[in-house]
Amino acid sequence: MLEYSMLYPRTTPSRRAIAMNGMWKFHLDEKGEGEQSGWNDGIPGDDMIPVPASFQDFYTDKDIREFAGDVWYETEIFVPGEWEGKAIWLRFGAATHRAAVYVNGMKLAEHEGGFLPFVADMTEIVRYNANNKVVVRVNNELTETNIPCGKTITLADGKKMNKPYFDFFNYSGLQRTVHLMAVPKEAVYDFDLTYKLCGADAEITYSVKTTGEHPVSLTLYDAEGGIAAQAEGHEGVLHVHDAHLWQVRNAYLYRLVIQITDDTQIVDEYEQEIGIRTVEVKDTQILLNGSPVYLRGFGKHEDSDVVGRGFNIGVMKRDFELMKWIGANSFRTSHYPYSEEIYQMADREGFLIIDEVPAVGLFESMMNFAEASTGKKTAFFEKETTPVLLKAHLKAVEEMIIRDKNHPCVVAWSLLNEPETTNEAAVPYFKEIFDRALELDPQKRPRTFALIMNSRPDTCRCYQFSDIVALNRYYGWYVSGGYEIADAEMMFRKEMDGWAALNLNKPFIFTEYGADTLGSEHKLPSVMWSQEYQDEYLKMTHGVFDAYDFVKGEQIWNFADFQTTEGILRVNGNKKGVFTRQRQPKDVAYLLKDRWESLPLDYKK
Ligand code: BDP
């Protein structure tokens, strides 16, 4: 059990939640002196930046953009006197990658992992009817003992630099909303829901965890506000007559209200929109409410101009409009759990989400040769530090599943992206992660991970853990691109024949395929990087998907161009977007729109 509740902050008759968005004081800790110099009582300087946002892209100084180390934030928050008697929390949507929180000078919380929420409980030290000083130290250094993996090096001039083992810019800071919350001391802590469809009716089996002993009651309201079902007790069943199901791109949301009451009054009330739907894998099918679905959509990033990975409500809206326009029905939250508001929107819009934990960069590379001097290659999962990494990874899986389990949009868990799988040492590591996910999820949603190119039918030792086998494949881009594309297709089909021969009787999906393309380039006949080549590449790739019945989904890499570390393989970022970073279509968007609008939802049923 986590030491704090993961429930999304809401104002209800018994609760208060105030978003602390705005300008916060900000200071880089270049010398790593903040802790000793008492910055917990107040940070130096008078610079201010917006929260939520990544700090990197506001400044014109490259040393700031590339900064590795501690950055400090400070703000003041007024706590109303009428909140006395409640628990007072600061709830961080995320702090990337680790943080310490101080209120009125006192350290109240520390959290590791940059993409999931945590709470600092300030009840004991709060000053009511007064301003309280909030200081946050955020550290953005990459390590091999936390996810996502990378390392931090020191340059000859003494400056530190992050070296990600992954292909997205190491944006960091307070990138999601911080809330001030007042919650009753006896409160709803968590709840689980599982669904069963019985003809036209539905049964919702629930269990509610509270922090006290008073009785619990649940009321389910339909979209018109009518009462659809009621139940009493910490555990039980809500019987919904003539249930409206939550369907792909046709969402129906009920409002679940959970109350704790004593003889005279409501002790706590929490509410959340929920959708009635089942999800399961049967043979090679992915079934939603018992009917086959073929996934079409994207691997995405939280990434946009100026605010970087900061949650941007306008960009979120634009992205959903583009996904609807192009005929998508799903996306993967590559490569980390996204802001909670994005899942709320997917719940309303009926998009299916493959929810991914930030386990990326878990791969052997030239940088990771632990025993390089001896010439002996150590596989990624047999390092001395592997147990520490596993612990951080398990904790992220726990936080993600507890945070997201009640969203109807979440239909699968992606537990790693492109890990090393060809060495036997990966097997026990995978087993722990996959077992834990199954144990934590009341709905037992399918689990998956994205297989890198060299994890093939003959080399991968971990595909058996997946309920849905997810492939990231770049035949015609990283392998035999350009005029060699016919060879690429042959190799691709050969690999797919290899999977077919294994007869796994599981659905396969493509969680990545794509070609870097500059929105500025046209060339006839095509060359790699031109829009014409992106079209050609997709036509070849889709032809292969269509030839294998067990392929039950395609999520192209990437929805939009996104920022990466600079280097000779990246032209100011990764350009595999179907849309530019400014969210305008490349040619290929029209090709995808034609295809996706013509594919039936139950394609290859
Ligand atoms: C895969 C990664 C993804 C990269 C992509 C690419 O999963 O993060 O951005 O390839 O190379 O390796 O474009």
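Things worth noting here:
- From the options ALA589, ALA560, ALA500, residue that is under 26 Å from GLY314 (Cα atoms), of a type in the set (A, V, I, L, M) and surrounded by fewer than 22 Cβ atoms within 10 Å (Cβ to Cβ): ALA589
- Cβ-Cβ contacts under 7 Å between residues 6 or more apart (or on different chains), taken from a first residue in region 242-263 that is among the polar types (S, T, N, Q) to a second residue that is surrounded by fewer than 16 Cβ atoms within 10 Å (Cβ to Cβ) and part of a loop (DSSP other than H, G, I, E, B), are listed as THR261/HIS214; THR261/PRO215.
- Residue in region 187-197 that is farther than 30 Å from VAL388 by Cβ, out of contact with any strand residue (DSSP E or B) (no Cβ under 7 Å at 6 or more places or on another chain) and touching a residue at least 60 places away in the same chain (Cβ under 8 Å) present: yes
- Boolean, ASN170 is within 16 Å of the ligand (Cβ to nearest atom), modelled with pLDDT of 95 or more and in a loop (DSSP other than H, G, I, E, B): yes
- Among residues of region 420-437 that are more than 14 Å from GLN464 (Cα to Cα), those with a Cβ under 6 angstrom from a residue that is assigned to a loop (DSSP other than H, G, I, E, B), sequence gap 6+ or separate chain, pair up as GLU420/PHE363; GLU420/GLU364; ASN423/ALA379; ALA425/ALA379.
- Residues in region 1-40 that are out of contact with any Phe, Trp or Tyr (no Cβ under 7 Å at 6 or more places or on another chain), over 30 Å from GLN259 (Cα atoms) and assigned to a loop (DSSP other than H, G, I, E, B): GLU30, LYS31, GLY32, GLU33, GLU35, GLN36, SER37, GLY38.
Yes or no, residue by residue, for (1) at pLDDT 95 or above; (2) under 19 Å from PRO358 (Cα atoms); (3) in contact with a Lys or Arg (Cβ under 9 Å, 6 or more places away or on another chain):
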{"site": "VAL411", "(1), (2), (3)": "yes, yes, yes"}
{"site": "LEU415", "(1), (2), (3)": "yes, yes, yes"}
{"site": "THR422", "(1), (2), (3)": "no, no, yes"}
{"site": "TYR429", "(1), (2), (3)": "yes, yes, no"}
{"site": "LEU440", "(1), (2), (3)": "yes, yes, yes"}
{"site": "ARG447", "(1), (2), (3)": "yes, yes, no"}
{"site": "ALA450", "(1), (2), (3)": "yes, yes, yes"}
{"site": "ILE468", "(1), (2), (3)": "yes, yes, yes"}
{"site": "ASN472", "(1), (2), (3)": "yes, yes, no"}
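- Residues that are outside any strand (DSSP E or B) and either of a type in the set (Gly, Ala, Ser) or touching a Lys or Arg at 6+ places or on another chain (Cβ under 7 Å) (or both) within region 186-210 comprise ALA187, GLY199, ALA200, listed in sequence order.
- Among the residues here, VAL237 does not qualify as crowded, with 16+ Cβ neighbours inside 10 Å and either among the aromatic types (Phe, Trp, Tyr) or farther than 22 Å from ARG348 by Cβ (or both).
- TYR483 vs. criteria without any contact (Cβ under 8 Å) to a residue 12 or more places away in the chain and assigned to a helix (DSSP H, G or I): yes
- Every condition in (1) part of a helix (DSSP H, G or I); (2) over 21 Å from TYR165 (Cβ atoms) is met by ILE433 except one, and the failing one is (2).
- Residues of region 280-310 satisfying the condition of being farther than 30 Å from LYS196 by Cβ, crowded, with 24+ Cβ neighbours inside 10 Å and of a type in the set (A, V, I, L, M, F, W, C): PHE298
- Residues (crowded, with 21+ Cβ neighbours inside 10 Å, over 22 Å from the mean Cα position of the chain (by Cα) and either in contact (Cβ under 8 Å) with a residue 40 or more places away in the chain or closer than 30 Å to LYS159 by Cβ (or both)) located in region 101-121: VAL101, TYR102, ALA109
- The criterion of at least 2 residues that are within 16 Å of the ligand (Cβ to nearest atom) and closer than 23 Å to ASP587 by Cβ is met by the following strands (runs of 3 or more DSSP E) wholly inside region 266-333: 295-299.
- Listed by first and then second residue, the pairs linking a residue in region 446-460 that is within 21 Å of LYS405 (Cβ to Cβ) and away from the ligand (no atom under 16 Å from the Cβ) to a residue that is aromatic (Phe, Trp, Tyr) and not in a strand (DSSP E or B), with Cβ atoms under 7 Å apart and 6 or more places separating them unless they lie on different chains, are ARG447/PHE434.
- Restricting attention to region 243-265 and to residues that are of a type in the set (S, T, N, Q) and under 24 Å from the mean Cα position of the chain (by Cα), the residue that is surrounded by the most Cβ atoms within 10 Å (Cβ to Cβ) turns out to be GLN247.
Per-residue answers, yes or no, for (1) more than 30 Å from ASP561 (Cβ to Cβ); (2) under 29 Å from the mean Cα position of the chain (by Cα); (3) among the charged types (D, E, K, R); (4) surrounded by fewer than 22 Cβ atoms within 10 Å (Cβ to Cβ):
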position: ASN170; (1), (2), (3), (4): no, yes, no, no
position: ALA223; (1), (2), (3), (4): yes, yes, no, yes
position: HIS241; (1), (2), (3), (4): yes, no, no, yes
position: VAL267; (1), (2), (3), (4): yes, no, no, yes
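- Checked against the criterion of being within 16 Å of the ligand (Cβ to nearest atom) and in contact with a Pro (Cβ under 7 Å, 6 or more places away or on another chain), the candidates THR511, THR565, THR517, THR541 yield just one match: THR565.
The values are calculated or read from the model by the stated rules, or taken from the named source; none is laboratory data. None of these values were measured; they are calculated from a predicted model. Don't worry about glycine lacking a Cβ; one is built from the backbone with ideal geometry, like all the others, and counts go over all protein chains shown.
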